[in-house]
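The values are calculated or read from the model by the stated rules, or taken from the named source; none is laboratory data. Note that this is a predicted model, so its numbers are computed, not measured. Every residue, glycine as well, gets a Cβ built from its backbone with ideal geometry; the counts of neighbours run over all protein chains shown. Calculation scope for accessible area: heavy atoms of the full protein, side chains included, ligands and nucleic acids excluded. Shrake-Rupley method; radii C 1.70, N 1.55, O 1.52, S 1.80 Å.
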Amino acid sequence: MYKKNLFLAVLIIFAMGLFFQFNRMDVLLHLFKSKNVTNAVTAYIKEPDSAKRLTKDRFLIIYDNENVYSTFLKYRLQTQIEHYMKKDADVITINDSSSFPAKDYSAVLWAAERFDNEVLWNSARQYADNGGTLEIMTTGGIENAPALYEPLGISNVNGSVTAAGINMTSTLLLGANGFKMAEGDTSYNTYALNCELQPAASVYFTSTDSLPLAWEKKQGNGKIIVYNGTELYAKKNLGILTALLSQSQDDFLFPVSATKTVFIDDFPAPVPDGDFSKIYAEYGLATADFYERIWWPYMLETAKKYDLKYTGAIIETYNDEVTGDFRIYDQNARRNLIKYGRELLNSGGELGIHGYNHQSLVGAGYGVRKYLGYNIWENQKEMENSLSELKRYIADAFPGYEVHAYIPPSNVFSPEGKAAVKKIFPSIKAYASMYEGNYSAEKVYYQDFKQNEDGTFEFPRLSAGYNPDRSMYYSAINGLNAYGIFSHFVHPDEIFYEENGNNRFSDMENGFDRFMEYFTNNYIWLRSTTLSDTLKYFGDYLSMDYKYQEKNNVLHIDTWNYQYEPAYILRSTKKIRRYDGCDITKIQNDAYYIKIKSSEAAITFDEE
């Protein structure tokens, strides 16, 4: 018995020795299974024959082609309706239109600040009287036109004011009933009528000091919807614009991406040496130990708690080299890449890239030297050389792994930089920078959600930070209502930022928990995915098409030109009795989430 146990112990020690020797020799890296390799593309679903007999929802946009604001607003409306909501739009100008098109519109959208074309205005009012929906998309020209007050639900106007903040007093915005900004918060502000409303008007939302900013009023057999302001053209307010459009019919269907994507920028990356005063004061740990014992375990725990799948962005070094030999031998950085990279992948995440170093891939003229203290790349070839070293660095740690995401350092990017990234990393599928902002110094790479001609995607962040303020909540809410997209960035080193002042990491934990809890609970319909998987659904969202028709209490939905599982939001207060070809989740009293299982789906409502 003794010899048998001794032999078993020697065998175990020998096996462990082999394991650690192989691990030291990186043999196990070549056995790592997660390659992030793109699967074969499935065929697009074709248009059902039944769809050919149906027509699309159609809007009429009336705008002033001699007014810059009205022209911007027309552009936003038309883009949102045609490109993202996949509906049709007719456009006429208030200056050269003397007749009202005789069509069955979902709504007439008055996007002009003038009402002096009486024939057109009276036709629009008559359209509402007859059962249609007339939406006034700006109140810029109403203050001095008291004849408009009564039909628009206004009882009194006392000039115009700058209205700040939002108090959402209805379910207009999905998942945001009761959302309110703090007094004095100017992240949302607009020039609006200082008005009082008739009792018959139903308010959608107000400013933080209770000025009505959007409302609905019955008009004959139809209704008039009024947006009190001048800011619907702004990207940050496209969720409100979409939500107002969705009120045009009793049962209104539109597609959404339905994805939740969270990025960890600058990770995995070299960990700073030594101590940082705030970290040491709170935890008594060196920075590297804080990353390993506090920050990263918290991130993994949060991922489980809120069903998050992180997309990391690798950086090899924080040197500032932009020319010469980029090869370095930082074994600590390599060990961090392997350790944290493995754990990120094992948690369901993926690895993207941030860059060889943190020098934005731009030449002269982008403001990075003056405003960020960065060096300027002499040419595209040097960019490519640095990225080739990054590619070697990643392949050495994760052989065969495909990189699909690129996040530009400091959100500054050039056409030459993009060409360099695509050449060295041809597997890149998406670029992730900023959706909107007010940076006036360096030339920030702002993006719209779209697919490029080469098949890659632009997929910006909508919110950022561990302790987001209400403006970040508002931005995320608007992105969810406009596109069905949640896209959030965090950085491991945010605690080092000067703007975080005296905030401790425990404060940042609490802020991040509140943020993720809010969006997890209020948007249960989101699919939590890495960026690679997000692009499957996002690609469907951009490429798909559809038509729908309601007849005898049955809503027929025909969907085509998709590969995976397209999704919709249905704004309706009706009760659903049964459904075929789809899955349905009720997400609030007047909205359902629909996930398509068949190109021909049907929803049967209870008889009223």
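When Lys235, Lys223, Lys278 are checked against the criterion of being open to solvent by 20 Å² or more (accessible area, probe 1.4 Å) and under 20 Å from the mean Cα position of the chain (by Cα), Lys235 stands alone in meeting it.
Of the residues Gly341, Gly352, Gly312, which is assigned to a helix (DSSP H, G or I) and either within 30 Å of the chain's Cα centre (by Cα) or surrounded by fewer than 17 Cβ atoms within 10 Å (Cβ to Cβ) (or both)? After ruling out the rest, the residue left standing is Gly341. Within the set of pairs 6+ apart or on separate chains, which have a first residue in region 420-442 that is more than 13 Å from Ile407 (Cα to Cα) and in a helix (DSSP H, G or I), a second that is aliphatic (A, V, I, L, M) and open to solvent by less than 30 Å² (accessible area, probe 1.4 Å), and C-beta atoms under 9 Å apart? Going by the 9 Å Cβ cut-off, the qualifying pairs are Ala420/Leu361; Ala420/Met383; Ala420/Leu387; Lys423/Leu387; Ile424/Met383; Ile424/Leu387; Ile424/Leu390. Taking the stated definitions as given, is Lys74 crowded, with 22+ Cβ neighbours inside 10 Å and not β-branched (Val, Ile, Thr)? For Lys74, the condition - crowded, with 22+ Cβ neighbours inside 10 Å and not β-branched (Val, Ile, Thr) - is met. The single residue among Lys56, Lys87 that is touching a residue at least 40 places away in the same chain (Cβ under 8 Å), open to solvent by 50 Å² or more (accessible area, probe 1.4 Å) and among the basic types (Lys, Arg) turns out to be Lys56. Against the list (1) among the hydroxyl-bearing types (Ser, Thr, Tyr); (2) touching a residue at least 60 places away in the same chain (Cβ under 8 Å); (3) farther than 25 Å from Leu535 by Cβ, the condition Tyr318 fails is (2).
Given the residues Tyr562, Tyr568, Tyr593, which is the only one that is buried (at least 17 other Cβ atoms within 10 Å of the Cβ) and either without any contact (Cβ under 8 Å) to a residue 24 or more places away in the chain or in contact with a helix residue (DSSP H, G or I) (Cβ under 9 Å, 6 or more places away or on another chain) (or both)?
Details: Tyr568 fails: either without any contact (Cβ under 8 Å) to a residue 24 or more places away in the chain or in contact with a helix residue (DSSP H, G or I) (Cβ under 9 Å, 6 or more places away or on another chain) (or both); Tyr593 fails: either without any contact (Cβ under 8 Å) to a residue 24 or more places away in the chain or in contact with a helix residue (DSSP H, G or I) (Cβ under 9 Å, 6 or more places away or on another chain) (or both).
Residue meeting the stated conditions: Tyr562.
In region 131-159, how many residues are in contact with a helix residue (DSSP H, G or I) (Cβ under 8 Å, 6 or more places away or on another chain) and either open to solvent by less than 10 Å² (accessible area, probe 1.4 Å) or assigned to a strand (DSSP E or B) (or both)? So that I can check it myself, show each step before the final result.
At the first step, the residues of region 131-159 found to be in contact with a helix residue (DSSP H, G or I) (Cβ under 8 Å, 6 or more places away or on another chain) are 134-135, 137-138, 140, 142, 151, 154, 157.
Now restrict to residues that are either open to solvent by less than 10 Å² (accessible area, probe 1.4 Å) or assigned to a strand (DSSP E or B) (or both): 134-135, 137-138, 142, 151, 154, 157.
Qualifying residue count, region 131-159: 8.
Scanning region 593-608 for residues that are polar (S, T, N, Q), outside any strand (DSSP E or B) and more than 12 Å from Pro566 (Cα to Cα) yields a count of 0.
Restricting to region 571-588, and then to whatever is part of a loop (DSSP other than H, G, I, E, B) and among the basic types (Lys, Arg), can you tell me which residue is most open to solvent (accessible area, probe 1.4 Å)? Even if it seems obvious, please write down each step before you answer.
Looking only at region 571-588, we keep the residues that are part of a loop (DSSP other than H, G, I, E, B), and these are 572-575, 581.
Next, only the ones that are among the basic types (Lys, Arg) stay: 574-575.
On the way: Lys574: 38, Lys575: 140 Å².
My answer is Lys575.
Count of region 598-608 residues, restricted to those that are surrounded by 14 or more Cβ atoms within 10 Å (Cβ to Cβ) and over 13 Å from Asp250 (Cα atoms), is 7.
Quick check on region 284-309: of everything there that is among the aliphatic types (A, V, I, L, M) and more than 19 Å from Phe496 (Cβ to Cβ), which residue is most open to solvent (accessible area, probe 1.4 Å)?
This residue is Leu300.
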